[in-house]
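The values are calculated or read from the model by the stated rules, or taken from the named source; none is laboratory data. These figures come from a predicted structure and were not determined experimentally. Ideal geometry is used to build each Cβ from the backbone, glycine not excepted, and the neighbour counts take in all protein chains shown.
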Amino acid sequence: MVAQHREEEAIRQRIKEWVAAAGRRDGEAAARFYATGGKFLFPNAPIAEGRTAIAAMWSKLLGLPNVKLSFAPTVVEVAQSGELGYDQGTYDLSFDGPKGPVADRGKYVVVWKKEEGEWRAALDILNSDLPAPG
C-alpha cells in the first residue's frame, strides 16, 4: 500500500510538471509526458499517435490566441503491480476564437504506464461538459 501511494504521488508530480509545460505553451515539452507509442484523443480531431503527432497537436492547441489551459486530477490510482495507473480529472480551456472568446470545461482520463522507469501517458482522452454548439 505504501508503494502504491508513493507511485500515485509520483503521477501527481508528473501532472504538475505537465500543467507547467502547458502553461509555458510548450507543445514539445507536453509531448514528452507521453509514452513512445502514446495516444492523444483530442475532441474534433483524429487520434494523435506517437510523440511527433502528439507534439503537433499540443503545439496547435497551445498556439491558439490567448490560450489558457488548466487541468488537475480528482482521482489517481495505481495497479498493485506498480506498472499501470490512471488519473481522472477536470480541465478548463479558453482562447480567442475567430468569432470571439471561446471557453470550455470538461473531464479527462489518462492511462499511465511505466516506461524507462518514469510514468508516461499511454492514453489521454478528454471531452467537454458543455453542449455541442448548435
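Of note:
- For segment 45-69, the tally of residues that are touching a Ser or Thr at 6+ places or on another chain (Cβ under 9 Å) and either assigned to a helix (DSSP H, G or I) or exposed (fewer than 14 other Cβ atoms within 10 Å of the Cβ) (or both) stands at 3.
- When residues in segment 91-134 are screened for being assigned to a strand (DSSP E or B) and surrounded by fewer than 15 Cβ atoms within 10 Å (Cβ to Cβ), 10 of them pass.
- Long-range neighbours under 6 Å by Cβ, at least six apart or interchain, first residue under 17 Å from ALA48 (Cβ atoms) and among the basic types (Lys, Arg) within segment 113-134, second modelled with pLDDT of 95 or more and in a strand (DSSP E or B): ARG120/TYR34; ARG120/ALA35
- If you check THR90, THR52 for being among the hydroxyl-bearing types (Ser, Thr, Tyr) and under 19 Å from ARG14 (Cα atoms), only one passes: THR90.
- Residue selected from segment 4-41 under the condition of a type in the set (S, T, N, Q) and either under 11 Å from the mean Cα position of the chain (by Cα) or part of a helix (DSSP H, G or I) (or both), by the criterion modelled with the lowest pLDDT: GLN4
- Output for segment 14-25, where each listed residue is of a type outside the set (Lys, Arg) and either within 11 Å of PRO73 (Cα to Cα) or touching a Ser or Thr at 6+ places or on another chain (Cβ under 9 Å) (or both): ILE15, VAL19, ALA22, GLY23
- Among the conditions (1) surrounded by fewer than 18 Cβ atoms within 10 Å (Cβ to Cβ); (2) at negative phi; (3) not hydroxyl-bearing (Ser, Thr, Tyr), the only one that ALA22 does not satisfy is (1).
- Out of LEU84, LEU69, LEU61, LEU41, sole residue that is within 27 Å of ALA132 (Cβ to Cβ) and either β-branched (Val, Ile, Thr) or without any contact (Cβ under 8 Å) to a residue 40 or more places away in the chain (or both): LEU61
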